[in-house]
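Some notes on the structure that comes next.
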Amino acid sequence: MTNIFAVVLAAGQGTRMKSKLYKVLHPVCGKSMVEHVIDNINTLNTNRIVTVVGHGADMVKETLGNKSEYVLQAEQLGTAHAIQQAEQLLGGLEGTTLVVCGDTPLIRPETMKALFEHHQNTNAKATILTAIADDPTGYGRILRDTDGQVSQIVEQKDATEEQRLVKEINTGTYCFDNKSLFETLKLVKNDNVQGEYYLPDVIQILQKQGEIISAYVTSNFEETLGVNDRFALSQAEEIMRARINEQHMRNGVTIINPASTHISSEAIIGSDTIIKPGTIIEGKTVIGEDCVIGPNSHIVNTTIGDRTTIHSSVIIDSTVGNDTAVGPFAHLRPESSLGDKVKIGNFVEVKKSSLGNNSKVSHLSYIGDAEVGQNVNIGCGTITVNYDGKNKFKTIIEDEVFVGCNSNLVAPVTLKEGSYVAAGSTITKEVPSDALAIARARQENKLNYVSKLNLK
Ligand code: UD1
Ligand code: CA
């Protein structure tokens, strides 16, 4: 078996992004570009993956963790110079090296595999993944000699008018014989418009040495999009979004309007779940089967059970059980957890609170820092008064409690099992089990008073 190595180029600043964030860290469907590239490579049988880092090295390393080894390119002198930094790890080894740019997040593992197989089958020293672009502006152009063999890659900035008419582009993905790659890199010069050491120059050098150079033309230009600016970033997002949505639909998820449905590349959704328009599902969200999500819901890093509905609501870093209904217009803030058959209705905010099975908060309430048991009913307009301006306090509401409308539960406070709070109460001390707490001014009726005041 041939050794397979991969080198990912991720040291550039990405000037054209006009961003404080380093280019390869810009997310596409919630995952950074370079992570897409590495995760795709990881599905192949590579022996080693080396990422060349430079600008934002620490952040790139933190993002990728132990998915890759790293070499530092302290100064960005070009893509050939970048690969040279990997010599300390890979130089002299027998094998094939796949090179991928960290800013081409859409290249699928199948395409990388096809490139690799083409490389093996043609016995080439170097194989370039190329594509035919309607508008090749910005890409390196593939020049072929009279018998159709690749002879050179010329960068946009160095190309003549005539060369710029060539529509076959260099996708920035290649396979090389590892030893020849590192030997040839030493011969690359920087006598070009940008004064950089270009990796594509390796091709011309090898060709002149009489080595076999091969090209694998992918039929899908879209997949090879290089993200250099924010416009291309939005194109990549759109393509990736369509891909993710298609996969969910093929797995049995109904997406009513894919164009307005954004699902992160890490989300998992069960079959027969329906996603209604205007829904954004981010991070490592897991949604069960037979749910109805949306319209207009925003769900981040949340786990949702089966047969649950989330209508026009925001849920962040939380868990929601089975057969539960949230919304419309509810907000579950981080660390909230809802059991099974729970109901969270209109204009309810839940923060860092748990609600047991069958409990209901149907309208206009704030539940913060609370532990709510099972079969609890919290009436309209109830507020857990959890904050004194300095510290946060807990409210504990045990099983089978009924809280009447418009009550303030001043924390720290406990409502014991089966207790009952009368509407309009401000509760400041524990309510014992089975007790009725009334904490409001008594009503007094002043008879015949209105006419006496002569108000009418
Ligand atoms: C590069 C290719 C071009 C190809 C295009 C495909 C070169 C000279 N040109 O152009 O032929 O059509 O990709 O998308 O290779 N990087 C480093 N260190 C450096 C310079 C760049 O690590 O010193 C990294 C960047 O972070 C980036 C990748 O290499 O991830 C490509 O660099 P970029 O500047 O985007 O090259 P392009 O101009 O797009
Ligand atoms: Ca690029």
- Item | Inter-label distance for Glu246 and Ser260, nm, one decimal - labels placed 7 Å from Cα along Cα-to-Cβ | 2.3 nm
- Query: What are the principal axis extents of the Cα atoms in segment 227-292, in Å, biggest first?
  - Reply: 40, 22, 19
- Item | More than 22 angstrom apart: percent of Cα pairs within segment 48-133 | 35 percent
- If you project the alpha carbons of segment 270-419 onto the principal axes, what extent comes out on each, in Å, largest first? 42, 32, 22
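Apply 1/(1 + (r/R0)^6) to the Cβ-Cβ distance of Leu72 and Gln156, taking R0 = 30 Å, and write down the FRET efficiency to the nearest 0.05. Could the numbers behind the result be given before it?
Numbers: r = 28 Å, r/R0 = 0.93.
The value I calculate is 0.60.
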- Query: Over all distinct alpha-carbon pairs, what is the Kirkwood Rh of segment 48-92 in angstrom?
  - Reply: 10.8 Å
- Rolling a 1.4 angstrom probe over the protein heavy atoms, how many square angstrom per residue are accessible across the chain? 48 Å²
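Tally up the carbon and sulfur contribution to the accessible surface of the chain as a whole percent, 1.4 Å probe, everything protein left in place. Display every interim value, and only then the final one.
On the way: 10580 of 21750 Å².
Of the solvent-accessible surface of the chain, carbon and sulfur hold 49 percent.
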- Query: Once you treat every alpha carbon in segment 136-224 as an equal point and sum by Debye, what is log10 I(q)/I(0) at q = 0.12 Å⁻¹?
  - Reply: -0.36
- In the chain, what is the volume of the convex hull around the alpha carbon atoms, normalised per residue and reported in Å³? 212 Å³
- Between the alpha carbon centres of segment 20-73 and segment 176-220 the gap in Å comes to 23 Å
- Query: How big, in percent, is the set of alpha carbon pairs in segment 306-386 lying more than 20 Å apart?
  - Reply: 13 percent
- Message: With 15 Å as the cut-off, how large is the P(r) tail for segment 193-254, expressed as percent of Cα-Cα pairs?
- Response: 72 percent
- Task: With a Förster radius of 41 Å, plug the Cβ-Cβ distance of Glu117 and Asp399 into 1/(1 + (r/R0)^6) and report the FRET value to the nearest 0.05.
- Result: 0.05
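Taking the convex hull of the alpha carbon atoms in segment 16-92, what volume per residue do you get, in Å³? Could the numbers behind the result be given before it?
On the way: hull volume 8.4 nm³, N = 77.
Value for segment 16-92: 109 Å³ per residue.
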- Item | Beta bridge orientation in the chain: antiparallel %, DSSP, nearest 5 | 20 percent
- For segment 349-439, alpha-carbon Rg over 2.2 N^0.38 Å: 0.93
- Message: Taking R0 as 22 Å, what FRET efficiency do you get between Ala423 and Glu444 from their Cβ-Cβ distance, rounded to the nearest 0.05?
- Response: 0.80
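What 222 nm value per residue comes from the helices of the chain, counting each DSSP H run with n ≥ 4 as -39,500 (n - 2.57) and dividing by all residues, nearest 500 deg cm²/dmol? Write out the running numbers ahead of the final one.
On the way: 10 runs with 87 residues, N = 456.
That comes out to -5500 deg cm²/dmol.
The values are calculated or read from the model by the stated rules, or taken from the named source; none is laboratory data. Small disclaimer: the values here were computed from a predicted structure and weren't measured. Quick reminder, even Gly has a Cβ in these numbers, built from the backbone with ideal geometry, and neighbours come from all protein chains shown. Only protein heavy atoms, including side chains, enter the accessible area calculation; ligands, DNA and RNA are left aside. Shrake-Rupley method; radii C 1.70, N 1.55, O 1.52, S 1.80 Å.
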